[in-house]
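Engineer: Before I ask anything, let me first share the structure, which is written out below as structure tokens.
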Amino acid sequence: MLPMSPRREAVTVRVPAKLNLELLVGPRRDDGYHDLSTVFHAVSLFDTVTVEDADEWQVEVLGPYSHLVPAGDGNLALEAARLLSSWEGLDRPAKITIDKAIPVAAGLAGGSADAAGTLVACDALWGLDSDRAVLDSLAERLGSDVNFALTGGTAIGSGRGERVAPVLGRGRYEWVLVTSDEGLSTPAVFAEIDRLRADRDVPDPEPTPAMMAALRSGDVVALGAALVNDLQEAALSLRPELGDVLAAGMECGALGGVVSGSGPTVAFLAENTERALDLVSALTDAGVGALVKRAGGPVHGAHVVSGT
Ligand code: C5P
């Protein structure tokens, strides 16, 4: 008789937040989504997801944002685990523990990160060694940003964001993130951009030469100048005070600043680590935002840190 492979006790995965260095939004599609051309960039602000065998499906969220995350149905990580388990025809409930450092409803794709982290963690716990194509097809069903959280690095996103192609760029970048006390709803921000652009011609989105050249060369000044987000206008319309945050960062020496995704987090690019530290203290002194935090990028996507 063959020896049984030992059952793993628990698997822990680390998964990063994302910024959008470029986010160009096309017209609303018939299915309610918008075609995008975006540059995703994974930064060193991580959620940690641990999965272990349990008698029933459970999710526990730890940390300062735990009260903002549903602990039962409607939790995207739980949905991810159940989706993989039913795809594989397994009946093996798990407990998912999410140690959350990525702010919620912040434009940083924290919920998508947790879903991607859970797919990778359950894949390892259950010894599946799934093809990447399988994880990608499940990720796509869970949300538009989940595929990128599997990939990490810097990547072009197209379709509704789920089609991801890595960018061969140079350079490591120093970012300063300014978060807000209150999140913004992604559907509300997309609805607001539709309202604001109702009388405008909206072109099909495609990557800009300026952004591609900046990433290829690793020119931090050019990258600062190329940051762009079509949703920023909508986020500012819903949250005018974000204009003060953007102005404060530029006054304090950032090379560029942009609302990330649907906001309200604002990301500033600093010339180097020293300038990033200066920017953190200047913005903290200025009293803007809820949290002022340094993060570097690009970093890897969802990866196992213990349990295998
Ligand atoms: O895919 P995800 O669940 O993250 O999307 C959340 C919401 O954001 C969608 O229901 C839609 O309103 C909006 N969205 C969009 N176009 C995209 C991505 C998201 O309109 N490309």
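The values are calculated or read from the model by the stated rules, or taken from the named source; none is laboratory data. As the structure is a computational prediction, the values presented were derived from the model and not from experiment. Virtual Cβ from ideal backbone geometry, glycine too; neighbours counted across all protein chains shown. Surface accessibility is based on the protein's heavy atoms, side chains included, excluding ligands, DNA and RNA. Shrake-Rupley method; radii C 1.70, N 1.55, O 1.52, S 1.80 Å.
Engineer: Tell me, what ³J(HN,Hα) does each residue in the range 105-119 have, in order and in whole Hz, if you take phi through Karplus 6.51 cos²θ - 1.76 cosθ + 1.60 with θ = phi - 60° and put x for Gly and Pro?
Structural biologist: These are the phi-based 3J(HN,Hα) values: 6, 10, x, 10, 6, x, x, 5, 4, 5, 5, 5, x, 5, 4 Hz.
Engineer: Let me ask something additional. If you find the alpha carbon centre of the range 153-185 and of the range 82-119, how far apart are they in angstrom?
Structural biologist: If you average the Cα positions of each part, the centres end up 19 Å apart.
Engineer: Give, rounded to the nearest 20 debye, the magnitude of the charge dipole that the chain has about its Cα centre when Lys and Arg contribute +1 at Cβ and Asp and Glu contribute -1 at Cβ. Don't skip to the end; give the middle numbers.
Structural biologist: Details: 24 positive and 43 negative charges, 110 e Å.
For the chain, the charge dipole is close to 520 debye.
Engineer: What is the percent carbon and sulfur in the accessible area of the chain, measuring with a 1.4 Å probe over the protein chains and ignoring ligands?
Structural biologist: Exposed carbon and sulfur together represent 50 percent of the surface.
Engineer: Next up: Roughly what % of DSSP beta bridges within the range 29-151 run antiparallel, to the nearest 5?
Structural biologist: Of the beta bridges lying entirely in the range 29-151, close to 55 percent run antiparallel.
Engineer: May I pose another question? Which of ALA77, VAL39, PRO27 sits farthest toward the positive end of the charge dipole of the range 1-86, with +1 on the Cβ of Lys and Arg and -1 on the Cβ of Asp and Glu?
Structural biologist: Comparing the listed Cα positions along the dipole, VAL39 ranks first.
Engineer: For the pair ALA133/ARG195, report the inter-label distance in nm, with labels modelled 7 Å from Cα in the Cβ direction.
Structural biologist: 4.4 nm
Engineer: Placing +1 on the Cβ of each Lys and Arg and -1 on the Cβ of each Asp and Glu in the range 159-308, which of VAL288, LEU215, ALA165 has its Cα farthest towards the positive end of the resulting dipole?
Structural biologist: ALA165
Engineer: Mind grabbing the base-10 log of I(q)/I(0) for the range 213-308 at q = 0.16, 0.21 Å⁻¹? Debye formula, identical points on the C-alpha positions, no solvent, two decimal places.
Structural biologist: Log10 of I(q)/I(0), two decimals: -0.72, -1.10.
Engineer: List the relative contact order of the chain as a percent without decimals, with contacts defined as Cα pairs under 8 Å and 6+ residues apart.
Structural biologist: 27 percent
Engineer: A further question on this structure: Could you pull out which residues in the range 195-218 have an amide N less than 20 Å from a spot 7 Å beyond the Cα of SER158, following the Cα-Cβ vector?
Structural biologist: 202-216
Engineer: In the P(r) worked out for the chain, what percent of Cα pairs fall beyond 25 Å? Don't jump to the answer; show the numbers that get you there.
Structural biologist: On the way: 22799 of 47278 pairs.
Tail of P(r) above 25 Å: 48 percent of Cα pairs.
Engineer: Relative to the longest principal axis of the C-alpha atoms of the chain, give the angle of the C-alpha long axis of helix 186-196, reported between 0 and 90° and rounded to the nearest 10°.
Structural biologist: 30 degrees
Engineer: Quick check for you: with a 1.4 Å probe and neighbouring chains kept, what is the accessible area per residue of the range 160-308, in Å²?
Structural biologist: 49 Å²
Engineer: Working only with C-alpha atoms, what are the Rg and Dmax values of the range 139-248, expressed in angstrom?
Structural biologist: In Å, with Rg to one decimal and Dmax whole: 15.6, 40.
Engineer: To continue, here is another question. Expressed in nm to one decimal, what extension gain is obtained for the pair ASP30 and ASP99 from 0.36 nm per residue of sequence separation less their Cα-Cα distance?
Structural biologist: 21.1 nm
Engineer: Let me ask something else. Using modelled amide H (1.01 Å from N, peptide plane; none on Pro or chain starts), what sits under 5 Å from the amide H of ALA94, excluding residues fewer than 5 places away?
Structural biologist: Those qualifying (amide H under 5 Å, at least 5 residues apart or on another chain) are ALA54, TRP57, GLN58.
Engineer: If you take every DSSP beta bridge whose two residues both sit in the chain, what share of them, in percent to the nearest 5, is antiparallel?
Structural biologist: If we restrict to bridges inside the chain, about 90 percent are antiparallel.
Engineer: Consider just the alpha-carbon atoms of the range 19-77 and return their Rg together with their Dmax, both in angstrom.
Structural biologist: 16.8, 46
Engineer: To the nearest 10 degrees, how steeply does helix 242-251 sit against the main Cα axis of the chain, on a 0 to 90 scale?
Structural biologist: 70 degrees
Engineer: Rounding to the nearest 10 and keeping the result within 0 to 90°, find how far the Cα-based axis of helix 273-286 lies from the longest principal axis of the chain.
Structural biologist: Long axis of 273-286 versus the principal axis of the chain: about 80 degrees.
Engineer: With 5 Å bins from zero, work out the P(r) of the range 67-130 over every alpha carbon pair and list the percent per bin.
Structural biologist: 4, 18, 30, 23, 14, 8, 4
Engineer: Could you pull out the GluC sites (Glu not before Pro) across the range 74-150 that fall in loop regions by DSSP (anything but H, G, I, E, B) with no more than 10 other Cβ atoms inside 10 Å?
Structural biologist: Loop-located and lightly packed - none at all.
Engineer: From the backbone phi of the range 228-240, what are the Karplus-calculated ³J(HN,Hα) couplings (6.51 cos²θ - 1.76 cosθ + 1.60, θ = phi - 60°) in whole Hz, Gly and Pro given as x?
Structural biologist: 7, 8, 4, 7, 4, 4, 6, 5, 5, 5, 7, 9, x
Engineer: Regarding the range 38-168, what whole-number volume in Å³ per residue does the convex hull of its Cα atoms give?
Structural biologist: About 102 Å³ per residue, rounded to a whole number.
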